[in-house]
Amino acid sequence: MALTRIDNVGIIVQDLEAAIAFFVELGMQLEGTAALEGPSVDRLIALDGVRTEVAMLRNADGQCRVELCGFLAPPAIAGDASAPVNRLGMGRIMFAVDDIDGVLARLRARGATLIGEVTQYEDAYRLCYIRGPEGIIIALAQAL
C-alpha cells in the first residue's frame, strides 16, 4: 500500500467564522460545514463529550484542503498565538499565489500581520510569512 495524497490540514480555532472569512479571502472556497459529535468522535480523538463545528475549504483546483475545527466541548486548549516561526510542531502552511502584494493587502484587511518582510529568493520567488487569525502562520510564494 502506498500513500496517495495529503487529504487535508486540520487547524483548531476559537472563532470559526473569522477563520473561514480569512481563508476565503486568501482564495479558498468553502466546501461546507458540519457539526460533529457522538461516541465515534469521542473514541477517535480520545476525549469525552466532544461537540465540534468544522468547515472544509479547498483551493480552486481541489488539490489542497484545510479543515477548520471549533470545539464547543470540551473547550480548546490555548497555545501561544505569538510564538515565533521556529517553534516545535507544525510551523506553517504555504500557498502559491499569483500576486503576493494583492493577497497580502486583502489579508491585512482581515487582521493578518507580516512576520518579517516580503523577500525575493534568487530569481525564482517572492516570499513572505504572515500571522493570521489566532496566530496561524501562513507563507505566501509568488513564482517570478
Practice problem: Would you compute the Debye intensity of the chain from its alpha-carbon atoms alone, equal scatterers and no solvent, and pass along log10 I(q)/I(0) at q = 0.13, 0.15, 0.22 Å⁻¹ to two decimals? | Solution: -0.64, -0.83, -1.48
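List Asp99, Asp48 from most exposed to least, where exposure is judged by having the fewest other Cβ atoms within 10 Å. Each step should come with its number before you reach the end.
On the way: Asp99 12, Asp48 9.
Least crowded to most crowded, the residues run Asp48, Asp99.
Might you report the magnitude of the Cβ-based charge dipole of the chain about its Cα centre, with Lys and Arg at +1 and Asp and Glu at -1, to the nearest 20 debye? Don't jump to the answer; show the numbers that get you there.
Details: 12 positive and 19 negative charges, 31 e Å.
In debye, rounded to 20, the chain gives about 140.
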Quiz item: Over the stretch 1-105, what is the relative contact order in whole percent, taking alpha-carbon pairs under 8 Å and six or more residues apart?
Solution: 28
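For a test of the definition: using alpha carbon positions, the gyration tensor, and the 1.5 limit on a/c, classify the stretch 93-143 as rounded, prolate or oblate.
On the way: a/c = 2.04, a/b = 1.70, b/c = 1.20.
Judged from the Cα gyration tensor, the stretch 93-143 comes out prolate (a/c at least 1.5, a/b above b/c).
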Self-check item: Net charge contributed by nearby residues that have their C-beta within less than 11 Å of Phe71 (K/R +1, D/E -1)
Solution: -1
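I need to check one value: relative contact order of the stretch 93-143, counting alpha carbon pairs closer than 8 Å and at least 6 residues apart, in percent. Walk me through the numbers on the way to the answer.
On the way: 86 pairs, mean separation 22.5, N = 51.
Relative contact order comes out at 44 percent.
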Quiz item: For the stretch 25-85, what's the relative contact order in percent, using C-alpha pairs closer than 8 Å and at least 6 residues apart?
Solution: 30
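Provide the net charge surrounding Met28, with neighbours chosen by a C-beta distance below 12 Å and charges set as Lys +1, Arg +1, Asp -1, Glu -1.
Summing Lys/Arg as +1 and Asp/Glu as -1 gives -2.
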Quiz item: For the stretch 93-143, what proportion of DSSP beta bridges, expressed in % and rounded to the nearest 5, is antiparallel?
Solution: 75
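Want the number for Val9 to Gln63: 0.36 nm per residue separation, take away the alpha-carbon distance, what's left?
Working: separation 54, 0.36 × 54 = 19.44 nm, distance 1.17 nm.
Full-extension gain reported as 18.3 nm.
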Exercise. Quick one: plug the Kirkwood hydrodynamic radius of the stretch 24-102 (C-alpha pairs) into Stokes-Einstein at 37 °C, 0.692 mPa s, and report D in µm²/s.
Key: 217
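Considering only the other residues whose Cβ falls under 13 Å of the Cβ of Glu17, what net charge follows from Lys and Arg at +1 and Asp and Glu at -1?
-3
Every number in this text was worked out from the coordinates using simple rules, so none of it is lab data. Since the structure is predicted, the reported quantities are computational estimates derived from the model, not experimental observations. Glycine gets a Cβ as well: all are built from the backbone with ideal geometry, and neighbour counts include every protein chain shown.
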